[in-house]
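All remarks here apply to the structure that follows.
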Amino acid sequence: MRFADIIGQTELKRHLASSIDAGRISHAQLFTGIAGTGALPLATAYAQYVNCTNRHDGDSCGECPSCRQIQALAHPDVHFVFPVNKQGKKSGEAVLSSGFMGQWREMFDRTGGYFSPQQWFDALNLGKTLKGVISTKESEEIIRALSFKSFESAYKFMIVWLPETMNEEASNRILKILEEPWERTVFLLVSERPDLLLKTIVSRTQEVAVPRLTAHDLEPVIRSTGESDTEKVRNMARLAGGDLIELRRLIGGGEDDARHENFEAFCSIMRLSYNDKHIELMNWADEAAGLSRERQRAMLIDFSRLMREAYMLHAGLAQASYLWGEEAAFCKKFAPFIGNANIEPIIAQIESAVRQIGQNGNPRIVFTHFALAVSKYIRHL
């Protein structure tokens with residue numbers, strides 16, 4: 001993965017390359033940003049640039065043995081750790097990233113490294129209730145892998161994708177390594193939710209904030225599909241909201257299954273709330289409580305997005321809306337029920353539910369309270 005392969009992020013790529021050229025390579029860095037901005041490809045390109053034997057013009061050569069191995073995700077000194085799990089796992093069975101490198105390489109190759117946590121979990125066939133995790137056993141493997149001397153390169157890299165999925169014991173083990181790092185060993189943590197990491201881990205890393213892409217960055221991607229209508233290109237780039245994964249969804253003209261299910265859940269709770277169907281709302285809460293915590297969080301984030309977009313329509317700001325297809329059709333009808341009197345308390349309820357789920361709150365209690373609170377605000381606009 002070369003910097004040239006990454007869409008946009010021109011200033012950030014220049015900054016990373018110049019810091020490496022100047023010999024400023026921090027032993028622990030935290031790349032933060034949603035998946036569609038390219039945080040994971042950037043971290044991988046960073047490792048490739050450091051270990052390239054013929055880098056020039058602010059980028060790795062892509063041709064030396066080190067570059068070729070990293071591009072194949074098969075370099076002996078560049079390790080990847082990511083959340084995993086599997087259906088039918090036996091009691092006490094260790095499920096490690098190393099057992100899923102085939103799927104990881106395939107996903108990375110197919111998407112260029114731009115894929116969401118849910119896309120990865122779907123590729124692992126985790127279903128609605130199982131979640132991916134970075135276990136304590138995985139942290140032991142990290143220590144073991146880094147204890148060896150470098151095989152071929154000057155630096156060893158450990159790229160940890162979604163470190164927020166580590167349990168507490170795994171997090172504490174990683175913290176010890178960050179406090180006493182091995183020489184020429186670099187940790188690159190790639191996180192969508194740095195707020196869920198131990199504060200002590202965050203304090204020991206150098207943050208690399210990866211911003212959303214600009215519409216100017218995304219327009220060439222749309223044109224590469226053969227679209228020549230200038231107005232449509234501009235509109236799709238705007239609707240994507242700086243997220244390449246969202247843009248690909250728009251270009252494909254469809255919805256991924258998880259997003260569609262989130263949308264259906266949103267429509268359901270709003271209709272039940274408006275019609276004051278308390279018993280049905282309890283059933284809705286039970287169904288939501290049965291999802292994995294990652295799916296619950298993703299659903300609530302989609303709720304927040306749809307609420308804000310409906311409010312924009314209510315405020316007469318349709319030109320600033322980022323809705324498309326069935327979401328746009330529903331929210332246009334739903335907009336009259338969202339206004340100044342209830343938008344803030346509803347968003348507050350969503351954010352509270354997200355926090356409680358992230359803190360391992362009882363999901364049945366969380367979603368029961370959430371459903372009843374939303375019903376109250378929708379009915380009393």
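The values are calculated or read from the model by the stated rules, or taken from the named source; none is laboratory data. Because the structure is predicted, anything quoted here is derived from the model rather than measured. Quick reminder, even Gly has a Cβ in these numbers, built from the backbone with ideal geometry, and neighbours come from all protein chains shown.
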Which numbered condition A353 fails, given (1) within 18 Å of N262 (Cα to Cα); (2) of a type in the set (A, V, I, L, M, F, W, C); (3) surrounded by fewer than 19 Cβ atoms within 10 Å (Cβ to Cβ); (4) at pLDDT 90 or above: (3)
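Does S60 satisfy being free of Cβ contacts under 8 Å to residues at least 12 places away in the same chain and among the small types (G, A, S)?
Working: free of Cβ contacts under 8 Å to residues at least 12 places away in the same chain: no; among the small types (G, A, S): yes.
It is false that S60 is free of Cβ contacts under 8 Å to residues at least 12 places away in the same chain and among the small types (G, A, S).
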Among (1) under 25 Å from S116 (Cβ atoms); (2) under 22 Å from the mean Cα position of the chain (by Cα), the one test that K199 misses: (1)
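Take the conditions free of Cβ contacts under 8 Å to residues at least 12 places away in the same chain and touching a helix residue (DSSP H, G or I) at 6+ places or on another chain (Cβ under 8 Å) and apply them to R223. Does it pass?
Values: free of Cβ contacts under 8 Å to residues at least 12 places away in the same chain: yes; touching a helix residue (DSSP H, G or I) at 6+ places or on another chain (Cβ under 8 Å): yes.
For R223, the condition - free of Cβ contacts under 8 Å to residues at least 12 places away in the same chain and touching a helix residue (DSSP H, G or I) at 6+ places or on another chain (Cβ under 8 Å) - is met.
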Options G127, G102: the member that is part of a helix (DSSP H, G or I) and more than 19 Å from A43 (Cβ to Cβ): G102
Members of the stretch 261-281 that are in contact (Cβ under 8 Å) with a residue 40 or more places away in the chain and within 19 Å of E309 (Cβ to Cβ): N262, F263, F266, C267, I269, M270, S273, Y274
Residues that are among the charged types (D, E, K, R) and either farther than 23 Å from V95 by Cα or in a helix (DSSP H, G or I) (or both), drawn from the stretch 145-192: K149, E152, K156, E164, E168, E169, R173, K176, E179, E180, E183, R184
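Report yes if some residue within the stretch 50-58 is over 30 Å from D302 (Cβ atoms) and in a helix (DSSP H, G or I); otherwise report no.
Of the stretch 50-58, the ones over 30 Å from D302 (Cβ atoms) are 50-58.
From the residues that got through so far, the ones that are in a helix (DSSP H, G or I) too are 50-51.
So far as the stretch 50-58 goes, yes, one or more of its residues are over 30 Å from D302 (Cβ atoms) and in a helix (DSSP H, G or I).
Is one or more of the residues making up the stretch 176-187 within 19 Å of the chain's Cα centre (by Cα) and either at pLDDT 90 or above or aliphatic (A, V, I, L, M) (or both)? Working first, answer last.
Taking the stretch 176-187 first, the residues within 19 Å of the chain's Cα centre (by Cα) are 187.
The next check asks that each one be either at pLDDT 90 or above or aliphatic (A, V, I, L, M) (or both); those that pass are 187.
Yes, some residue in the stretch 176-187 is within 19 Å of the chain's Cα centre (by Cα) and either at pLDDT 90 or above or aliphatic (A, V, I, L, M) (or both).
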Answer residue from the stretch 223-258, given it is in a loop (DSSP other than H, G, I, E, B) and at pLDDT below 80 and is nearest to Y114 (Cα to Cα) among those: D256
Helices (runs of 4 or more DSSP H) contained in the stretch 276-350 and holding at least 2 residues closer than 18 Å to K376 by Cα: 278-289, 293-314
